[in-house]
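Here the structure is laid out as structure tokens; the discussion comes afterwards.
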Amino acid sequence: MEVQIQDNLLKILDNIKKIEQKNNRKEGSVKLCAVSKFHPAESVIEALKGGQTLFGENRVQEACSKFEYINQVVEDKKLAKPNLHIIGVLQSNKVKKAVEIANCIQSVDRIELLLEIEKRCTVIDKNIDVFLELHTAEDSKAGFADETSLIKACEEAALLKFPHIRISGLMTMAPFTEDLSAIIKSFSTLRKLKERLNIDFPNLPITELSMGMSGDYESAIAEGSTMVRIGTAIFGNR
Ligand SMILES: *Cc1c(COP(=O)(O)O)cnc(C)c1O
């Protein structure tokens, strides 16, 4: 089991490298976020020992109990510190805990959440990275419902209303379907939106495109992904 996680990591990293080459992407331009939801702290520690430092968790409660322990182990064993991203739907009453534990919240889907994150970061004097999530697939409910509402959030941010927040990326989930063209459409929608935002909001540091999971990361990288979020292919079934 332990060896398998590190083996899987190497395989995925090698795959990513090959897909980068195939699509004329610069080597190392796609980061790997290892999604450890539902998997035990021991699995995360194995991945850390294998050199993986970027992790994604869906639920704040689970992330807290797991990563408070992991951070302790990391300190004791002098391993590299994990970089934790929250990738699941976030309720306002979980923001306090989320900003304490995470380096980035990828699943921001409303302006009220930005306000709450700003408020909680001000209290603990912390700056945080945030990705705005766009809803691009029928079978998920997550994300800003449309581009217009996401752009509104960028307008607010561009007015410097959230000084503790860096809006550094966009995120989406493609539909779960065999229809490759629908998957590609979801990813290209996000890429085009990023290109537009980079022009319209030059003072927002939107550089990351978080898209691609175990089943569709090749298409995501072909469409410009800079961060793939992979769970099953690293840690096994949940
Ligand atoms: C679970 C999850 C992933 C990883 O999915 P896999 O198919 O296991 O690779 C990626 N992104 C989000 C938002 C998730 O909830």
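Miscellaneous remarks
- Proximal charge balance of T177 [Cβ under 13 Å; K/R count +1, D/E count -1]: -4
- Taken over the chain, the percentage of Cα pairs per 5 Å bin, counting from 0 up to the bin with the maximum distance, is 1, 7, 14, 18, 20, 18, 13, 7, 2, 0.
- Global form of the range 13-139, assessed from the alpha-carbon gyration tensor, a/c cut-off 1.5: oblate
- Between the range 48-114 and the range 190-238, the Cα center-to-center distance that results, in Å: 19 Å
- Label positions at N237 and S188, each projected 7 Å from the Cα along the C-beta direction, are separated by 3.5 nm.
- Potential extension, E75-F38 segment - 0.36 nm per residue separation minus Cα distance: 11.0 nm
- Potential lengthening between V123 and A158 on full extension [0.36 nm per residue; Cα-Cα distance subtracted]: 10.4 nm
- FRET efficiency, E112 to T207 (Cβ-Cβ, R0 35 Å, nearest 0.05): 0.90
- The modelled label-to-label distance between Q4 and Q91, using points 7 Å beyond Cα along the C-beta direction, is 3.4 nm.
- Inter-label distance, nm, simple model (7 Å from Cα along the C-beta direction), K141/F176: 1.5 nm
- About its Cα centre, the dipole of the chain is roughly 380 debye, where the only charges are +1 on Lys and Arg Cβ and -1 on Asp and Glu Cβ.
Quick note: the coordinates plus some simple rules give every number you see, no bench work behind them. Since this is a predicted model, take the numbers as computed values, not measurements. Note that each Cβ is placed from the backbone with ideal geometry, even for glycine, and that neighbours are counted across all protein chains shown.
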